[in-house]
Amino acid sequence: MRLPMKHGYIIASVTTAILSVSASTLAADFPSEPIEIAVHTSPGGGTDTTARMVALTTKEQLDSNVFVQNRKGGGGSVAMSYLSEQSADGYTVMAVTPTHLFTMMRGNAPLSIDDIQGVARATDDPIIVMVRGDSDYQTLDQLVEAGQQGTIKWGGTQVGGVDHIAAMSFADAADMTVSYVPFDSGAEFAAALSRGDIDAAGLNISETRDQIDAGEFRPLAVMADERMGALPDVPTLAENGMDVSFSTVRGYVVLKDTPSDRLKILEEAMLDGMASDRYQEYLQGIGLDESSIAGAETWDQQLHRMYEAGEKTMTELDLMQ
Amino acid sequence: MPSRWKDLLPGLLLLAMVAVLFAVTLQFDTVPAAFAQGMQSSAMPQLILLLIAALALVMIYQGHAQGEEEKPTMSWRFWATSALLLSAVFLFERLGITLTTALTCFAIPLLWGERRITRVAIYSIATPVCIYLLFTHVLQLRLPQGVLSPWLS
Amino acid sequence: MEPILTGLSILADPIAIAVILLGTIIGVLVGALPGLSSSMAVALLLPFTIYLEPIPAISMLAALYCAGTFGGSITAILINAPGAPPAAATAFDGYPMAQNGEAGRALGMAAVSSVIGGILSLIVMVLAAPALARIAHSFGPPEYFALAIFGLSMLASISGKSPVKNLIGGALGLLIATVGVDLTTGVERFTFGIPQLYEGISFIPILIGLFAVAELLSQADVVDRAMDRITLKAIKLPSRDDFKKVWKTILRSSGIGTFIGILPAEGSTMASMIGYNEARRWSRNGDKFGTGEIEGIAGPEAANNAATGGSMVPTLALGIPGSATAAVILGGLQIHGIRPGSYLFENQPELLYSIFAAMLVANLVFLVFGLVGARLFSRISLIPRTFLWPTVFALCVVGAYGVNQSLVDVTIMLIAGFIGFWLKRYGFGAAPIIMGVVLGSLVENSLAQSLIIFDQDASRFLERPIALGFFLLAFLSIFAKPLSNGLKGLKRRRAVNGGHS
């Protein structure tokens with residue numbers, strides 16, 4: 001299989017663009033070149049694997065190849081500067097996670113939230129307030145009360161990342177004191193929680209579905225607007241009067257100026273690809289369901305909302321530099 | 001340099017490095033005490049740097065009154081090879097990996113005294129081409145090709 | 001017993017056997033290319049496994065992983081360029097052996113000790129995987145901190161060079177590991193505004209630089225050896241006497257590897273370093289290590305392959321990868337709709353045993369491959385250096401680039417090469433630096449995590465028995481020799497006094 005590199009085609013496409021400006025915007029000839037998905041991590045992680053699954057299933061919907069290129073560094077800023085240097089022709093798609101949003105907020109990215117346009121969302125994994133199955137905290141109120149009187153040791157990933165901002169937003173809204181213990185991965189603090197090293201953690205269902213089913217972990221609340229299909233009995237933080245909604249999301253964006261007909265083609269191809277059995281099986285494997293998938297409109301709105309909420313928390317917590 | 005101080009040069013270089021990097025750690029951002037939770041980000045690097053400084057002093061002291069041991073010679077070939085590798089760093093971006101490795105594969109054998117020039121020429125073309133075919137077409141790993149990128153995918 | 005048999009029945013499936021063989025061969029070849037690590041090979045192959053059934057697919061990746069770990073030692077021995085981080089320790093004595101014209105003996109020993117280590121650990125896994133998973137689960141930040149301290153306690157003695165220089169090398173390694181965003185504060189350290197350093201310096205470019213590029217620079221001044229003299233000797237395999245000499249080392253390292261491997265950290269690299277260090281500590285020729293001692297190959301090789309099997313335990317049972325490659329295999333599980341976690345053992349035990357069966361096959365295949373190939377590969381050490389080293393350089397560049405597909409990593413590799421050359425010239429070895437890099441973030445992060453968990457009260461480390469055990473081992477590792485020397489001195493004095501009375 002031959003996967004030509006982009007640069008060659010950029011030169012080619014610039015030439016064609018000069019020859020026939022009007023023709024190049026016609027939907028009929030899009031995509032005529034391979035489409036790149038730029039990913040900000042090394043091969044093998046969750047974001048990379050998801051992108052490769054999406055590339056594989058989207059490719060089947062299009063005549064063109066779709067490939068993943070890893071552009072690691074700077075909490076997504078390497079991938080973002082790459083995207084910003086490309087022309088808004090829909091041939092460069094970028095995988096976006098909350099990490100990108102926080103990098104933008106800190107002003108470390110050459111792109112702002114208004115420079116990108118959501119195409120589709122591939123996974124949506126709300127953060128769940130979780131304690132051990134044999135914990136004294138039977139309800140969210142009990143946890144909050146304990147946190148108001150003492151300190152709750154809370155596990156999450158790197159300080160400054162989505163887990164941290166989510167935990168701090170929750171602590172802020174509930175007026176609790178949280179001592180944040182950062183770990184390398186979700187599986188690590190899930191293990192720490194089950195050992196009892198920490199009191200609570202913000203975990204995703206994808207990491208804990210089996211433990212919840214077995215009663216080893218007890219979900220107290222979901223950081224989302226609506227209850228999760230998989231956990232219909234677990235209330236949301238919104239129901240408890242806290243406007244805290246954070247999710248481990250992965251989706252895809254293009255530059256804002258991309259012609260709308262091309263955006264439409266990309267969105268449809270991605271959504272059709274994600275509807276395939278293969279992608280559905282993958283979602284199931286990571287503990288999610290089809291509610292993860294969303295089109296351009298929903299995804300773009302979610303990006304903006306998360307950006308605003310994150311910005312608010314970061315300003316309040318004095319994390320902006 | 002007094003020859004009776006063994007390891008004086010590496011010791012002083014290490015101390016200089018420690019001084020520079022320690023100054024850098026003072027420029028690290030500090031986080032609100034509520035997040036630092038006992039350890040600021042500069043704590044561990046500073047501890048390690050101070051440890052290196054202390055060990056470097058011990059090393060210099062141990063080398064006191066000992067002659068520098070015999071070191072392998074460093075001929076012009078070493079310096080030329082070093083210069084070649086350093087210039088390669090700047091060429092990778094421009095010329096791309098395949099073309100630059102072709103150049104190093106041509107230059108290094110000649111520099112090291114190889115005189116069969118046809119052989120070197122064939123070798124310097126064949127090696128990068130094989131690597132290119134293996135990585136780009138078998139392993140699907142795109143290499144940056146610089147000026148050659150319109151032709152090599 | 002039943003799940004074991006169901007798992008082993010994979011060996012009767014021709015498709016599964018075919019893909020396992022394919023995985024093994026790709027693994028050896030990929031592992032043998034400097035810089036092209038098995039983790040990258042697994043990542044690149046991942047999308048293709050989707051066309052297979054889950055169990056053959058995962059078995060293929062596991063076989064590739066096993067074989068890649070072995071393959072990494074081939075280049076470590078022949079050209080001082082470890083193909084994978086766990087093979088770094090093999091280069092310490094393997095490359096000097098190849099230079100002495102004993103490449104075949106070194107390669108043969110690497111193959112045999114790898115296979116013995118691999119198979120012994122797989123037997124332990126099959127018998128006791130669930131129990132081992134519980135041990136892995138009981139390791140929290142305090143236990144990791146103690147383990148890291150134990151690792152650091154070996155720094156002073158890890159190479160025959162001056163202890164102070166070893167410690168300086170170790171500290172430099174720790175310093176390299178602090179580059180990037182700090183986990184516990186989110187602050188950028190030593191990034192100098194380069195976004196590619198934000199996630200830290202990758203291990204592979206450092207490894208390739210310190211070993212292969214530094215050696216290339218030394219080779220610039222080497223006068224061509226007389227080739228004909230060593231031609232015949234180079235392809236000779238290890239003798240029976242060699243095996244008599246190393247069997248204890250192999251057994252010890254297999255034990256170390258099996259245990260360290262089940263701990264979810266950079267297990268195999270640490271295991272091979274500890275295996276090397278213990279081989280040195282117990283050997284009669286300890287001071288000759290680093291000059292081409294055959295026990296210095298058996299030690300790390302048995303350990304790192306034993307750890308490869310072990311690292312599948314935390315990966316499957318906890319979802320915490322035991323190594324970079326295991327992390328990618330984790331992705332492979334998810335592609336096939338398999339959720340790792342403690343319930344995987346209960347719900348799908350046969351999967352685990354199929355993986356072990358595949359690894360067993362991989363071990364047997366690369367034993368044959370390794371022994372037959374040893375004669376073939378050892379001829380690489382006979383290629384004139386004017387052609388060998390430029391090729392190594394070209395492969396190193398691509399290898400360093402490939403990990404993160406970043407040219408910054410190529411620059412890091414070259415800088416590491418120059419620094420490595422100068423350090424070697426002044427008597428600093430690569431071993432402590434590698435050890436420091438491996439343990440660096442583990443030490444700092446596990447300490448910070450432990451202190452938060454313990455409410456900043458360090459004395460609560462004493463409440464954790466496993467941590468206490470490792471602290472004790474660290475203490476023994478530093479002070480056992482001086483203490484035993486002191487005791488001997490005391491006994492002698494007593495004997496002398498006794499004689500008088």
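Derivation of every value follows stated rules applied to the coordinates shown; laboratory data play no part. Since the model is a prediction, treat every value here as computed from it, not as a measurement. Positions of Cβ are backbone-derived with ideal geometry, glycine not excepted, and every protein chain shown enters the neighbour counts.
Brief remarks follow.
- DSSP bridge analysis restricted to the protein assembly as shown gives an antiparallel fraction near 65%, rounded to the nearest 5.
- Cβ-based exposure ranking for B:22, A:246, in which fewest neighbours within 10 Å come first: B:22, A:246
- Two-site FRET efficiency, residue C:422 against residue A:315, from Cβ-Cβ distance with R₀ of 41 Å, rounded to 0.05: 0.30
- Segment C:246-372 shape via C-alpha gyration tensor axes, a/c threshold 1.5: prolate
- Counting Cβ atoms of other protein chains within 10 Å of each Cβ in C:324-333 and taking the mean gives 4.
- One way to sum up the overall shape of segment A:180-304 is the equivalent ellipsoid from its Cα gyration tensor, whose semi-axes run 31, 17, 15 Å, largest first.
- Test item: C:335-344 mean partner chain Cβ contacts at 10 Å: 6
- Theoretical ellipticity at 222 nm over chain C - DSSP helices of four or more residues, -39500 (n - 2.57) apiece, nearest 500: -24000 deg cm²/dmol
- Considering only alpha-carbon pairs that sit under 8 angstrom and 6 or more positions apart, the relative contact order computed for chain A is 24 percent.
- Alpha carbon Rg of the protein assembly as shown, scaled by the compact-globule rule 2.2 N^0.38 Å: 0.94
- Residue-averaged beta-carbon neighbours from other chains (10 angstrom radius) around B:42-51: 6
- Kyte-Doolittle mean at least -1.0, axial Cα span of 24 Å or more - DSSP H helices of chain C: C:14-32, C:54-79, C:103-137, C:240-261, C:349-377, C:385-404, C:407-425, C:430-453, C:465-500
- Packing-based ranking of C:288-297, C:45-54, C:482-491 yields C:288-297, C:45-54, C:482-491, ordered from highest to lowest mean Cβ neighbour count within 10 Å.
- Its Cα centre serving as origin, the protein assembly as shown has a Cβ charge dipole (Lys and Arg +1, Asp and Glu -1) of approximately 6080 debye.
- For chain A, the spread of Cα coordinates along the three principal axes comes to 71, 43, 31 Å, biggest extent given first.
- Rounded, prolate or oblate (a/c below 1.5 giving rounded, otherwise prolate when a/b exceeds b/c) for segment C:1-95 by Cα gyration tensor: prolate
- Cross-link partners of residue A:59 among lysines (Cα-Cα below 16 Å; sequence separation of 8 or more within a chain): A:264
- Cβ-based net charge around residue C:211, under 14 Å, with every Lys or Arg adding one and every Asp or Glu removing one: -1
- Mean separation of Cα contacts under 8 Å, 6 or more apart, over the residue count of segment A:116-239: relative contact order %: 34 percent
- Partners of residue C:245 within straight-line reach, counting aspartates and glutamates whose Cα lies under 13 Å from its Cα and excluding those fewer than 8 residues away in the same chain: C:293, C:295.
- Which listed pairs, of B:6/C:248; C:244/C:481; C:248/C:481; B:6/C:288, have C-alpha distances above 30 Å, in listed order: B:6/C:248
- Around the Cα centre of chain C, unit charges on the Cβ atoms of Lys, Arg, Asp and Glu (plus for the first two, minus for the last two) sum to a dipole of about 2200 debye.
- Compared with the dominant Cα axis of chain B, that is its longest principal axis, helix B:117-132 is turned about 70°.
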